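Here is the structure we will look at, set down as structure tokens.
The values are calculated or read from the model by the stated rules, or taken from the named source; none is laboratory data. Computed from a predicted structure; not experimentally measured. Glycine gets a Cβ as well: all are built from the backbone with ideal geometry, and neighbour counts include every protein chain shown. The accessibility values were calculated without ligands, DNA or RNA, using every heavy atom of the protein model including side chains. Shrake-Rupley method; radii C 1.70, N 1.55, O 1.52, S 1.80 Å.
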Amino acid sequence: MRLNQNTLLLGKKVVLVPYTSEHVPRYHEWMKSEELQRLTASEPLTLEQEYAMQCSWQEDADKCTFIVLDAEKWQAQPGATEESCMVGDVNLFLTDLEDLTLGEIEVMIAEPSCRGKGLGTEAVLAMLSYGVTTLGLTKFEAKIGQGNEPSIRMFQKLHFEQEVTLRLTVSESEHQWLLEQTSHVEEKPYRDGSAEPC
């Protein structure tokens, strides 16, 4: 999102900086982890695809992404590269074009040694505040896999209420099953096939 391309959010535990091309190599290394792929419901990308994704996220008006830096490390080491201080990312997606006050929020603390220390919580709080004050959002959703108990607890602590969303991913075998279950259903023209004027 171009809106945050010149924005740095400085907290006590984290520093949020825009996701730029200099962050891609480290981010790409993180996303090779099967654990992170499972927790974030992500597919592995090539380095070239990751650069393209970063570019699109920077340009797209419906995605706001910050890289999460360890504030202590970033401030203690003058001249330290952002890449050496990276611990994760936090994102807001404007997923409902009918409701521009709704944002889907995601956070990933990719560095295992940085989990459970409140960095994810502060990153989410900073992003929620940015979403309200800068983007005009008033509603937030977080989609979390059922097995990701630490994330569920964190978002509940941040006053999110739990709902259940069930999802079906239609693989080839699911597609076959669906066709078998609906083999008796016929598709036919409705009335004479002409649409009713509005």
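Annotations for the structure displayed:
- Dividing the Cα radius of gyration of the chain by its Kirkwood radius returns 1.08 for Rg/Rh.
- Table column - 3J(HN,Hα) (Hz), the range 158-175, Karplus curve with 6.51, -1.76, 1.60, x for Gly and Pro: 8, 6, 6, 9, 7, 10, 10, 10, 9, 10, 10, 9, 8, 7, 4, 5, 5, 4
- Share of carbon and sulfur in the accessible heavy-atom surface of the chain [1.4 Å probe, %]: 52
- Where only DSSP H runs of four or more residues are counted, the chain gives -10000 deg cm²/dmol as its mean residue ellipticity at 222 nm, each run worth -39500 (n - 2.57).
- One decimal place: the segment E172-L102 gains 21.9 nm when fully extended, by the rule 0.36 nm per residue minus the C-alpha distance.
- Filtered trypsin sites (Lys or Arg not before Pro), the range 1-54: DSSP coil and at most 16 other beta carbons within 10 Å: K12, K32
- Accessible area per residue, Å², the chain with all protein chains present, probe 1.4 Å: 65
- Cross-link pairs K12/K117; K63/K157; K63/K139; K32/K73; K32/K117; K63/K117 - those with Cα-Cα distance over 20 Å: K63/K157; K32/K73; K32/K117; K63/K117
- Cα centroid of the range 109-185 to Cα centroid of the range 1-80, whole Å: 18
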